[in-house]
1. Is it true that A106 is surrounded by fewer than 13 Cβ atoms within 10 Å (Cβ to Cβ), in a strand (DSSP E or B) and among the small types (G, A, S)?
2. Could you tell me whether region 120-128 includes any residue that is of a type in the set (G, A, S), open to solvent by less than 60 Å² (accessible area, probe 1.4 Å) and free of Cβ contacts under 8 Å to residues at least 60 places away in the same chain?
3. Which numbered condition trips up S35, out of (1) open to solvent by 30 Å² or more (accessible area, probe 1.4 Å); (2) at pLDDT 95 or above; (3) more than 27 Å from the chain's Cα centre (by Cα)?
4. Please go through region 86-100 and pick out each residue that is over 21 Å from the mean Cα position of the chain (by Cα) and either surrounded by 12 or more Cβ atoms within 10 Å (Cβ to Cβ) or aliphatic (A, V, I, L, M) (or both).
5. Go through region 48-66 and give me each residue that's surrounded by fewer than 11 Cβ atoms within 10 Å (Cβ to Cβ) and part of a helix (DSSP H, G or I).
6. When you look at R16, is it open to solvent by 50 Å² or more (accessible area, probe 1.4 Å), under 27 Å from the mean Cα position of the chain (by Cα) and not small (G, A, S), yes or no?
7. In this structure, is A156 in contact with a Ser or Thr (Cβ under 9 Å, 6 or more places away or on another chain), in a helix (DSSP H, G or I) and in contact (Cβ under 8 Å) with a residue 12 or more places away in the chain?
Amino acid sequence: ADGHVAMITVTDKQWRGLMVSVGLEDELEAPDLQSLKDRMRNGGRVMRMAADVLRTMSTSEVVERLHRQDVPCGPVVSLAELREQPQIAAMGAIEEYDHPVLGRLAQPRPSAQFGDAGDVDILPAPMPGQDTDAVLADAGVASDELSSLRAEGIVA
């Protein structure tokens, strides 16, 4: 294959789908592969055979074949390719922002978005001491006391 594919076969149906996809239907009758527990213990041999077949195909062909059999899978993409993935783009899952020290950065948004929560801007973490005045004022520290704490090097 020209890339990598991530897949999982947990259910009997998914296992069947993988075996059909790679032409190993005879292995469906193997007595040592009848349950998930059996396949976890003894499936290495058959998975190596399946990998040998899949390795001869392009990534898109592997994904297409497995999807036709309802085997959960998808292409593995590099971080550089991630933003180009249709689902990532449609979800707006990556947001860019300007960091005061590091410049322009891209950061993933929370994957779950509820109602208007998707409209919240992602901001960089505050710089050391950036919010000291506001936090201490909220805690009831008077401004003259804050000045004294700062002068003594207790707070930044």
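1. Answer is yes for this residue.
2. No: region 120-128 contains no residue that is of a type in the set (G, A, S), open to solvent by less than 60 Å² (accessible area, probe 1.4 Å) and free of Cβ contacts under 8 Å to residues at least 60 places away in the same chain.
3. (2)
4. H99
5. The answer is R48, D52.
6. Yes; evaluated as a whole, the condition is true for this residue.
7. no
A quick yes/no check of all residues on (1) at pLDDT 95 or above; (2) aliphatic (A, V, I, L, M):
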| residue | (1), (2) |
| --- | --- |
| G23 | yes, no |
| R55 | no, no |
| R68 | yes, no |
| P75 | no, no |
| P86 | no, no |
| A90 | no, yes |
| A93 | no, yes |
| P100 | no, no |
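The values are calculated or read from the model by the stated rules, or taken from the named source; none is laboratory data. This structure is a prediction, so every number in the text was calculated from the model and none was measured. Positions of Cβ are backbone-derived with ideal geometry, glycine not excepted, and every protein chain shown enters the neighbour counts. Side chains included, ligands, DNA and RNA excluded: accessible areas come from the protein's heavy atoms. Shrake-Rupley method; radii C 1.70, N 1.55, O 1.52, S 1.80 Å.
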